[in-house]
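The values are calculated or read from the model by the stated rules, or taken from the named source; none is laboratory data. Values in this document were obtained by computation on a predicted structure and should not be read as measured data. Backbone-built Cβ (ideal geometry, glycine too); neighbour counts: all protein chains shown.
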Amino acid sequence: MIPVEVVGVRIEMPSNQPIVLLKEVDGSRFLPIWVGAVEATSIAFAQQGVEPPRPLTHDLISLIISSLDTTVTAVHLTHLQEGVFYANLVLTDAQSNEKIISARPSDAIAIALRTDA
């Protein structure tokens, strides 16, 4: 696995589609991932520290993970198939047991940002 960090949410032109831009931690390569508008907004909110008056879906999932004494330890982008990225959300409980949950990259990133993973 190549460690990456979230640079931010951008709009890809000319399609006007939101992307999450990832960058190698120890390199100069970038990886754009096309996401939906709702997910892009959620990721941007998490990066900017925006807290809505009521929990949004990714906030709720993060609260559930925390209340179960579990932490998000990683997001793994696993593969690209027919132009679609796949990811796993890696959770670790208090006894150091890992659970791997298949997720859309945008959802996994939004949750990871909220849990400081």
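Descriptive notes on the structure:
- Under the condition of being β-branched (Val, Ile, Thr) and at pLDDT below 95, the residues counted in region 12-36 number 0.
- Criterion (free of Cβ contacts under 8 Å to residues at least 12 places away in the same chain and either of a type in the set (Val, Ile, Thr) or surrounded by 14 or more Cβ atoms within 10 Å (Cβ to Cβ) (or both)) met by exactly one of Val6, Val75, Val38: Val38
- Just one of the listed residues (Ser96, Ser106, Ser102) is touching a helix residue (DSSP H, G or I) at 6+ places or on another chain (Cβ under 6 Å), modelled with pLDDT of 95 or more and either over 21 Å from Leu31 (Cβ atoms) or of a type in the set (S, T, N, Q) (or both), and it is Ser106.
- The single condition from (1) over 18 Å from Ala103 (Cβ atoms); (2) free of Cβ contacts under 8 Å to residues at least 12 places away in the same chain; (3) surrounded by 13 or more Cβ atoms within 10 Å (Cβ to Cβ) that Lys23 fails is (2).
- Out of Thr70, Thr57, one residue alone is polar (S, T, N, Q) and surrounded by 14 or more Cβ atoms within 10 Å (Cβ to Cβ). It is Thr70.
- Close contacts from region 94-117, counting a first residue that is within 17 Å of Val4 (Cα to Cα) and free of Cβ contacts under 8 Å to residues at least 60 places away in the same chain and a second that is in a loop (DSSP other than H, G, I, E, B) and not charged (D, E, K, R), with Cβ to Cβ under 9 Å and a gap of 6+ residues or different chains, come to Ile111/Ala117.
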